[in-house]
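Asker: Let me begin by handing over the structure; questions about it come next.
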Amino acid sequence: MIINKIDEMPLLNKLGIMINVGTKYVTTLALLSAIKFAKIPILVIDCESRDGSFDHFTDLQKTTDFYLMKMPLNKHGITLDSVFKDVNADYVYLIDSDTEMINSDIINFIDKYIERNNVFGAGFVHEAGWLKDESLIRGFKFGYYYERMWVPFTCLNVSKVREALVAKRSFLNKNILNDFYPLQLISKALIARNLIPGLKNLKLSLLNFFKKPVNGQYPSYVVYDTGADIYDFLKFDKEYDFIGIPAKYHEDSILHFHGITRRILDPKDKNTHELSDYDLILQKLQTVYNIEL
């Protein structure tokens, strides 16, 4: 069914949501595998794709039952904020368009906990830690990644997420400079030392007095990836629970073709899966799901 606005949908207990931006074949694998193993209604949101995605999914609806709508292209976190404000569902599964479910194990795990009173979400936990070189802000060292739900595949309690949104928290990603936490302007000046040869590797532990500790660490800046701000509010301010398995074990249930479309557009981008994985996706669509490409 094609809908114009998300609040036109009937009230559902659980709903899976996928956001597609010009990745129709990768998203199709995510969609079909989720329908097969999650066995919940799925909404595909197409955001201004230019590869014929909307027509492709409209045609797919002739043989496959799912919801389809358009939304303007925006930052991922802003789109998710809008979705959770308006969706008619008790629980929403966020399912990345570059994932493939290979069994229902994670669904069974989530179902065991998600409806308990104090639980705001379940799935995988993207644990905190020092950033590796390929993930650092270019030119700056000593960054720390803040704990969050693993957004490529997670289930969230809609009413509890709305508590965070009312408190002006957001799914939008952000970076907090931490060398002088009370004043971001001073932190910005201090972190600029990383642009000066000979100073970029200095951790300057003497600044720890002015930093906000994060899990006992004193980073120069903290990366709040998509959803981390919501997670922080619900877990630490509201003291709700997120029931999660460490994200490094996600491949037991979920294959994540991280950044595969980005790699097609820029073969030099190495922080993604290999291009050969795109061929594997096309092969699976044809042999496993009988999709003609």
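No value in this document is a laboratory result; all are computed from the given coordinates. Since we're looking at a predicted model, the values are computed, not measured. All Cβ positions, even for glycine, are placed from backbone atoms using ideal geometry, and neighbour counts span all protein chains on display.
Asker: Over all alpha-carbon pairs of the range 1-120, lay out the pair-distance distribution in 5 Å bins, whole %, shortest bin first.
Answerer: Histogram of Cα-Cα distances, whole percents per bin: 2, 11, 22, 25, 21, 13, 5, 1, 0.
Asker: State the percent of C-alpha pairs, over all pairs in the range 1-70, separated by a distance greater than 16 angstrom.
Answerer: On the way: 1004 of 2415 pairs.
In whole percent, the share of Cα-Cα pairs in the range 1-70 beyond 16 Å is 42.
Asker: Could you tell me the extents of the range 54-140's C-alpha atoms along the three principal axes, largest first, rounded to whole Å?
Answerer: 49, 36, 30
Asker: Now for a different question. Please enumerate, by chain and number, the aspartates and glutamates with C-alpha under 15 Å from the C-alpha of Lys141, excluding those fewer than 8 residues away in the same chain.
Answerer: The qualifying aspartates and glutamates are Asp133, Asp179.
Asker: Take Glu8, project a point 7 Å from its Cα along the Cβ direction, then tell me which residues of the range 55-90 have their backbone nitrogen under 15 Å from it.
Answerer: Residues passing the 15 Å test: 58, 66-72, 87-88.
Asker: Given the options Tyr278, Thr27, Gly121, identify the residue whose Cα lies farthest towards the positive end of the charge dipole of the chain (+1 on Cβ of Lys, Arg; -1 on Cβ of Asp, Glu).
Answerer: Gly121
Asker: Hey, what angle do you get for helix 276-287 against the long axis of the chain, alpha-carbon based, 0 to 90 degrees rounded to 10?
Answerer: With rounding to tens, the tilt is 20 degrees.
Asker: May I pose another question? Out of all DSSP beta bridges with both ends in the range 1-159, state the antiparallel percent to the nearest 5.
Answerer: 45 percent
Asker: Return the aspartates and glutamates within reach of Lys174: Cα separation strictly under 15 angstrom, same-chain partners fewer than 8 residues apart disregarded; answer none if there are no such residues.
Answerer: Asp81, Glu147, Asp225, Asp229, Asp232
Asker: Take the residue pairs Lys24/Lys132; Lys132/Lys238; Lys39/Lys284; Lys112/Lys248; Lys5/Lys112; Lys14/Lys132 and return only those whose Cα atoms are more than 29 Å apart. Mind dumping the intermediate values first?
Answerer: Values: Lys24/Lys132 31 Å; Lys132/Lys238 31 Å; Lys39/Lys284 20 Å; Lys112/Lys248 21 Å; Lys5/Lys112 31 Å; Lys14/Lys132 36 Å.
Cα-Cα > 29 Å for Lys24/Lys132; Lys132/Lys238; Lys5/Lys112; Lys14/Lys132; rest within.
Asker: With n ≥ 4 as the cut-off for DSSP H runs, can you work out [θ] at 222 nm for the chain, using -39500 (n - 2.57) per run divided by the number of residues, rounded to the nearest 500?
Answerer: About -8000 deg cm²/dmol.
Asker: Tell me the Kirkwood radius of the chain: reciprocal of the mean inverse pair distance over distinct alpha-carbon atoms, in Å.
Answerer: Its Kirkwood hydrodynamic radius stands at 20.4 Å.
Asker: Tell me the relative contact order for the chain as a rounded percent, counting alpha carbon contacts under 8 Å between residues six or more apart.
Answerer: 21 percent
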